[in-house]
Amino acid sequence: MTEWLTLSGVRPVLLALVALLALVVTRYAVTNFRLDPRRRSFVSKLVGCLVAVLVLIVSNHIVVFFVAWMSISLQLHRLLMFYPERDRAVLAAHKKFILARCSEAFLGTAFVLMYLNTGSFQLDTILKQFATAPTSITQHIAAVCLVMAALIKCAQLPLHGWLIQVVEAPTPVSALLHAGIINLGGFLLLVTVPLWSNSVLAVWLLCLVSAASCCFAALIMATRISIKVRLAWSTCAQMGLMLLEIGLGYYDLALLHLVAHSVYKAHAFLSVSEVAVIKQPQARSILRVSLVFLIFQALIAATCWWLLGDPKWLPSALLAMALATIWMNLHQWLLRFAVSVLAIAAYLLLGALVQQVVEPQPPFNSLLLEPIITLLFNIFAFTYWLVHHTPSRRLSQRWFITLNAGLYLDEWLTRLVLWLWPSHPIRYYQRRSRQEGRL
């Protein structure tokens, strides 16, 4: 559109999504804080964060993009610290503060390298030059920096702890974070595909980290009792799956995933008080579940190979998981077939619609990477069913305890934060609040 703004590619879809979420979350916040004397302050911070997100989406200038990226993080920090008397909220906000600076450092480094290599501040111009120029060491470094910025922004393991602990923040903040801001890592990669997709190192880093995060976070999520904590682990897993789809070249599937996750997670957090109980999984034969999953996976992969000349390993595994879940939870054959057909039809229809939005990209060569990731997802599926459908086994009980502790992956970051801030500055924030007349 201009040298400062653009509406190309996926941006119109995300603008509509953010506008919808902004309307819903803001109206909820106004009602939720109707008795709080600081309602105006909270809503103004919330609106400021949303405005920064909108600016980021339409930015075509790397300086504007970076300033908006940093502004979102700083505005979010103010929202996370809205209740400074909550120890866990302060700890989570400090973790997020540290990791946000790391993400900004990686993103800033990538942008500086992009400018030095092309001499342009316009993002579209930079991407065109990188898409046509031969791969260089500068592009590899910039690509890895972009991937690292996205991984940190999306709270991938082992940098995920803050996302689990920010459930202490007000519900509108959780909805805004999990439905919108956490997706910005995926947006960054979707709009910079020509830059990082030519770097083998960046692609492997993105796929392996996101795949491991998706599998482990999904396993850990199912061991938790708290609704909001389960939703937080679910977000970590969903972001890992979205980044994996991007890394493997399924950009249309990733955009569909981003939009669906945003709408679902906003509704889930804003209606979390209505959830009464979590149903425990029934004990089932691990052999039977695994056999159904493998049959569906083989049939879908063979069909894709026959029709498209490509087995589509990852989509085949994911669709097979969904169909296996349907067949194991429904008992009537007619109902099984009907729901399965509807699920496949919905997937094909929505995928076709999203393909009209995503800009065409060169074919992605993943002859070795995608089968490895698919094997990892098969191991994940078997582990999940082993732990949750055979709870009497000793191995299942040991895994359950370890997973419930989050694999102890967040301990090092917690110790680092407590070393940097030996005592939480609760009294400082309380004193400042009193001085400002807010308490």
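Below are the figures for this structure:
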read-out	value
Wholly enclosed helices (runs of 4 or more DSSP H) of the range 183-255 bearing at least 2 residues of a type outside the set (Lys, Arg) and at pLDDT 90 or above	184-191, 200-221, 227-247
Qualifying residue in the range 182-201 (condition: more than 26 Å from residue 110 (Cα to Cα) and not acidic (Asp, Glu))	no
Boolean, residue 173 is touching a helix residue (DSSP H, G or I) at 6+ places or on another chain (Cβ under 9 Å), in a helix (DSSP H, G or I) and closer than 16 Å to residue 248 by Cα	no
Residues that are closer than 17 Å to residue 140 by Cα and either in contact with a Phe, Trp or Tyr (Cβ under 8 Å, 6 or more places away or on another chain) or crowded, with 18+ Cβ neighbours inside 10 Å (or both), drawn from the range 98-108	106, 107, 108
Complete set of residues in the range 295-337 that are exposed (fewer than 13 other Cβ atoms within 10 Å of the Cβ) and part of a helix (DSSP H, G or I)	302, 306, 307, 308, 329, 333, 334, 335
Residue list for the range 54-90, filter: in contact with an Asp or Glu (Cβ under 9 Å, 6 or more places away or on another chain) and touching a residue at least 60 places away in the same chain (Cβ under 8 Å)	60, 61, 69, 80, 83, 86, 87, 88, 89, 90
Residue check for residue 176: in contact (Cβ under 8 Å) with a residue 60 or more places away in the chain and either under 11 Å from the mean Cα position of the chain (by Cα) or crowded, with 24+ Cβ neighbours inside 10 Å (or both)	yes
Residue match in the range 203-225 (condition: closer than 24 Å to residue 20 by Cβ and touching a residue at least 24 places away in the same chain (Cβ under 8 Å))	no
Matching residues, the range 338-347, being open to solvent by less than 70 Å² (accessible area, probe 1.4 Å) and touching a residue at least 12 places away in the same chain (Cβ under 8 Å)	339, 340, 343, 344
Subset of the range 109-126 (residues that are open to solvent by 20 Å² or more (accessible area, probe 1.4 Å) and either modelled with pLDDT under 80 or in a helix (DSSP H, G or I) (or both))	109, 112, 113, 115, 116, 117, 118, 124, 125
Looking only at the range 1-24, and only at residues there that are modelled with pLDDT under 85 and of a type in the set (A, V, I, L, M), the one that is surrounded by the most Cβ atoms within 10 Å (Cβ to Cβ)	10
Of all residues in the range 25-61 being open to solvent by less than 10 Å² (accessible area, probe 1.4 Å) and touching a Phe, Trp or Tyr at 6+ places or on another chain (Cβ under 8 Å), the one that is farthest from residue 105 (Cα to Cα)	33
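The values are calculated or read from the model by the stated rules, or taken from the named source; none is laboratory data. This structure is a prediction, so every number in the text was calculated from the model and none was measured. Positions of Cβ are generated from backbone atoms using ideal geometry, with glycine treated the same way; all protein chains shown enter the neighbour counts. Heavy atoms of the whole protein, side chains included, go into the accessibility calculation; ligands, DNA and RNA do not. Shrake-Rupley method; radii C 1.70, N 1.55, O 1.52, S 1.80 Å.
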